[in-house]
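Input: a single structure, listed below in structure tokens.
The values are calculated or read from the model by the stated rules, or taken from the named source; none is laboratory data. Since the structure is predicted, the reported quantities are computational estimates derived from the model, not experimental observations. Neighbour counts are summed over all protein chains in view; Cβ atoms, including those assigned to glycine, are modelled from backbone coordinates with ideal geometry.
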């Protein structure tokens with residue numbers, strides 16, 4: 001395999017690697033947790049492992065965790081966002097809310113410029129302003145947010161730091177070992193608003209030369225009816241006939257909609273993919289042997305059966 005990828009893929013996984021790295025710092029009470037910067041020598045170890053799995057297209061389960069379920073790490077540690085609540089009487093907060101790039105408060109302006117911060121969202125809250133800041137770079141936001149603690153008008157700051165959100169139904173864990181990085185991907189379903197009932201796990205060993213070994217999977221059976229019900233897209237999709245023989249049809253509830261579809265077998269391996277170009281798309285499945293398959297479009301997954 002390889003530890004390189006296109007820039008957009010690398011940026012995507014760099015966020016995951018940053019979260020996983022912070023998780024290691026905080027859970028092991030390492031001194032790095034007190035630094036705003038995330039050291040590259042730690043981050044790159046995890047990032048390379050994630051990219052190696054992304055590149056390992058010939059391995060069983062890679063398509064399942066990367067393409068089908070699109071598993072990313074649970075963002076229990078903030079690396080992109082943090083929140084600040086400020087009294088509206090603070091002049092710098094008024095200017096920030098009104099869209100000024102310079103607030104007149106040297107400390108605030110220095111923080112914004114140094115860490116390339118911008119406002120992702122803001123709104124009045126009673127007699128206060130509520131700001132959500134974001135950065136193009138990845139930082140230890142629990143530590144960076146503390147820079148606002150002593151600024152006039154600030155009531156509190158908030159950045160996820162070990163936050164266990166029960167709605168997080170995807171996660172990647174990494175264990176750094178002498179000869180390899182052990183990655184565990186997980187996917188949950190079933191009442192995930194209060195903690196998922198069912199989970200399935202996939203494990204990979206990624207060696208430091210970027211070679212990857214699939215270690216296996218375990219947990220609840222993937223894709224019972226309950227997991228399929230988790231995927232409800234506003235652009236409702238129908239698939240028919242089901243069971244099918246030589247052809248299936250994908251029907252969207254509106255015309256002129258374009259989206260990618262992929263078909264996976266029961267092992268989670270992608271068989272082929274294509275483009276939905278209108279409200280009804282015909283797919284030739286005459287080459288598929290009998291069995292159970294899954295069709296993915298955007299955020300929806302549907303099961304269909306081939307019988308010949």
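For the reader, a short list of remarks on this structure follows.
- Any chance residue 1 is within 30 Å of residue 57 (Cβ to Cβ) and not in a helix (DSSP H, G or I): yes
- Residue 27 surrounded by fewer than 16 Cβ atoms within 10 Å (Cβ to Cβ) and closer than 30 Å to residue 301 by Cα: no
- Some residue of the range 54-62 being surrounded by fewer than 15 Cβ atoms within 10 Å (Cβ to Cβ), in the same structural domain as residue 203 (by TED's automatic domain parsing) and in contact with a strand residue (DSSP E or B) (Cβ under 8 Å, 6 or more places away or on another chain): yes
- Residue within the range 211-222 that is within 18 Å of residue 79 (Cα to Cα) and outside any strand (DSSP E or B) present: no
- Out of 98, 70, sole residue that is within 30 Å of residue 262 (Cβ to Cβ) and surrounded by fewer than 14 Cβ atoms within 10 Å (Cβ to Cβ): 70
- Under the condition of being touching a residue at least 24 places away in the same chain (Cβ under 8 Å) and either in a loop (DSSP other than H, G, I, E, B) or over 32 Å from the mean Cα position of the chain (by Cα) (or both), the residues counted in the range 95-114 number 2.
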